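Read the structure below first, then the notes.
Every read-out reported here was derived from the displayed coordinates using simple, explicitly stated rules and does not represent laboratory data. Worth saying up front: this structure is predicted, and the values here are computed from it rather than measured. All Cβ positions, even for glycine, are placed from backbone atoms using ideal geometry, and neighbour counts span all protein chains on display.
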Amino acid sequence: MSALGPTGALLGAAAGCGLLLVLLAVFAPRTRAVRRGGALARIVQQADVPRLTVPGLLAGCVLAALVAGTIGLVATGLPVVGILAAALAAFAPIVLLRRRMVARQRALQAAWPDAVDTLVSAVRAGLSLPESLADLGRSGPVPLRPAFASFAAEYRATGPFGDALDLLQGRLADPAADRVIAAFRLAREFGGSDLGVVLRTLSSMLRADARTRGEILGRQSWTVAAARLAVAAPWVTLVLLCTRGEAAGAYASPAGALVIGVAAALSFLAYVAMARIGRLPIDERITA
C-alpha cells in the first residue's frame with residue numbers, strides 16, 4: 001500500500017460520513033417543539049436559530065470533528081493531533097451556539113425594562129393589555145419586535161389571549177420574559193387594577209439585575225480572556241511546530257503521544273475549572 005493509501009481512505013470515509021450527515025440534517029423531519037429537559041435542547045431553544053434542531057446540531061458537531069480531524073492528521077501526520085483536533089472541533093458548534101444564546105439573552109435583558117415602561121404608558125393611556133402588547137411589535141425595543149409581532153398575528157388570528165401568550169413565551173424562551181408574561185396572565189385572570197404597580201416594580205428589578213450583571217461581566221472579561229489565551233497558546237505553538245518534519249517526529253512515538261494526551265487533559269481540566277469558577281448563576285425559567 002502506498003504512503004497516501006491510509007490518508008486517501010480516511011479522506012474518503014470523512015467525505016462520505018459528512019455527506020450522509022448533511023443529508024440527514026436537511027431531510028430530517030422538522031419540529032418546533034423542543035424538549036424542556038436537557039442542556040442542548042435549552043441552548044437550541046434560547047439561541048433562536050431558525051429551523052435548528054438538536055439532531056441537526058449533533059450532526060454539525062460530528063461533521064466538524066471529521067473535517068478538523070482529517071486536516072490535523074494530514075497537516076501533521078500525527079494521529080494524536082488529529083484526534084485532539086476532532087475532539088476540539090466537535091464542541092465548536094455548541095460553543096458558538098452558546099455564545100449566540102448568551103448574546104441574545106443580554107440583548108433581551110437590556111430591552112425588557114424599556115418594553116415594560118412602554119407597557120405602563122400604554123395601560124395608563126387606556127389601551128387594553130392585548131393592544132398594548134401588540135403595539136410593542138411596532139414601537140417596542142428592536143430585539144423584542146419580532147416576538148411581539150408574532151403575538152399580535154396569533155392573537156388576531158385565533159382570539160384566545162392565553163394561547164397567544166404561550167406562543168410569545170415559547171418564542172422568547174427567556175427567564176425575564178417568563179416573569180413579565182406571568183404578570184400578564186395574573187392580570188388577565190384576576191383583574192388588572194394593580195398591573196401598573198407590578199410592571200413598574202418589575203421594570204426596576206430588571207434594570208438593577210442588568211446593571212449588576214453588566215458590572216460583573218465587565219470586571220471579569222479581562223480575566224477570562226487571559227485564561228483562554230493561556231490555554232490556547234501552547235497548542236497553537238504545538239501545531240506550528242508539528243508542521244516541520246523533525247519536530248513532528250519527536251511526538252510520533254508512544255511517549256510523545258502520551259505527553260500530548262496528558263497535556264490535553266490538564267488543559268481541559270484547567271479550562272473547565274476556570275469556567276465554573278467564573279460562571280454567573282443562570283436564572284431558572286418559569287414555565288406555564
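For the peptides 149-161, 222-234, the ranking by packing is 149-161, 222-234, with the highest mean count of neighbouring Cβ atoms within 10 Å listed first. Pull out a ≥ b ≥ c, the square roots of the eigenvalues of the alpha-carbon gyration tensor of the range 124-175, then state rounded if a/c is under 1.5, prolate if not and a/b is larger than b/c, and oblate in the remaining case. The shape class here is oblate. Think of each Lys and Arg Cβ as +1 and each Asp and Glu Cβ as -1; about the Cα centre, that makes the dipole of the range 107-209 roughly 160 debye. With a Förster radius of 35 Å applied to the beta-carbon distance between residue 98 and residue 257, the computed FRET efficiency rounds to 0.70.
Under the classification rounded if a/c is under 1.5, otherwise prolate if a/b is larger than b/c and oblate if not, where does the range 111-153 fall, given a ≥ b ≥ c as square roots of the Cα gyration tensor eigenvalues? Verdict is oblate for the range 111-153. Here the simple spin-label model places points 7 Å from the Cα toward Cβ, and for residue 39 and residue 117 these points are separated by 3.7 nm.
Can you tell me what percent of all Cα-Cα pairs in the range 225-271 are more than 16 Å apart? In whole percent, the long-distance tail amounts to 43. Enter the mean projected area of the convex hull around the alpha-carbon atoms of the range 107-209, in nm², rounded to one decimal. One quarter of the hull surface, i.e. the mean projection, equals 5.7 nm². With a simple spin-label model that places each label point 7 Å from the Cα along the Cα-to-Cβ direction, the separation between residue 230 and residue 243 comes to 2.7 nm.
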